[in-house]
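Colleague: Submitted below is the structure of interest, expressed as structure tokens.
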Amino acid sequence: MQAGKQINIKVLRSELKAWGKFWRRKESVNGFASSAIREHVDTGTGDRNRSENIYVPGQIEELTQFISRLRPECIRALRARYVVDKPLDSAATLMGFDSKRSLQFWLAKAERSLITCM
């Protein structure tokens, strides 16, 4: 993240691509469930699993923390766009959206929210 400087959409999307690539590799190579991101930032007293042993680089961790504060629909939209390695219409169905248009709505809302809070 750029400390003390307003982030723009181009920089945000670049960072989200790196974030998505990191989590996609962790989930596919290490066999973690798609909920590994949520479990990593979860501070509840639920059943802990392997995800707490993941090394997460600082920039990815910081972005994950920002994302974890968003609405669930926004998190799903970000995962559909940046983590799921499929076309948007397929990713929308896979992540439980009614349509590609619905996914795009929540994705835009998520990106705007991240720009505002970063």
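The values are calculated or read from the model by the stated rules, or taken from the named source; none is laboratory data. Computed from a prediction, not measured in an experiment: that's the story for all the values here. Don't worry about glycine lacking a Cβ; one is built from the backbone with ideal geometry, like all the others, and counts go over all protein chains shown.
Colleague: Testing HIS40 on (1) modelled with pLDDT under 65; (2) touching a helix residue (DSSP H, G or I) at 6+ places or on another chain (Cβ under 8 Å); (3) in a loop (DSSP other than H, G, I, E, B), one condition comes back false. Which one is that?
Modeller: The single condition HIS40 does not satisfy is (3).
Colleague: Would a scan of the range 95-102 turn up a residue that is within 23 Å of VAL11 (Cβ to Cβ), at pLDDT 95 or above and part of a helix (DSSP H, G or I)?
Modeller: So in the range 95-102, the residues within 23 Å of VAL11 (Cβ to Cβ) come out as none.
Checked the range 95-102: no residue is within 23 Å of VAL11 (Cβ to Cβ), at pLDDT 95 or above and part of a helix (DSSP H, G or I).
Colleague: Please go through the range 65-90 and give me each residue that is among the aromatic types (Phe, Trp, Tyr) and either within 9 Å of the chain's Cα centre (by Cα) or on the phi > 0 side of the Ramachandran plot (or both), ordered by number.
Modeller: Looking only at the range 65-90, we keep the residues that are among the aromatic types (Phe, Trp, Tyr), and these are 66, 82.
Within the range 65-90, just TYR82 meets the criteria.
Colleague: Residues in the range 86-93: is at least one loosely packed, with under 13 Cβ neighbours inside 10 Å, part of a helix (DSSP H, G or I) and at pLDDT 95 or above?
Modeller: Scanning the range 86-93, I find no residue that is loosely packed, with under 13 Cβ neighbours inside 10 Å, part of a helix (DSSP H, G or I) and at pLDDT 95 or above, so the answer is no.
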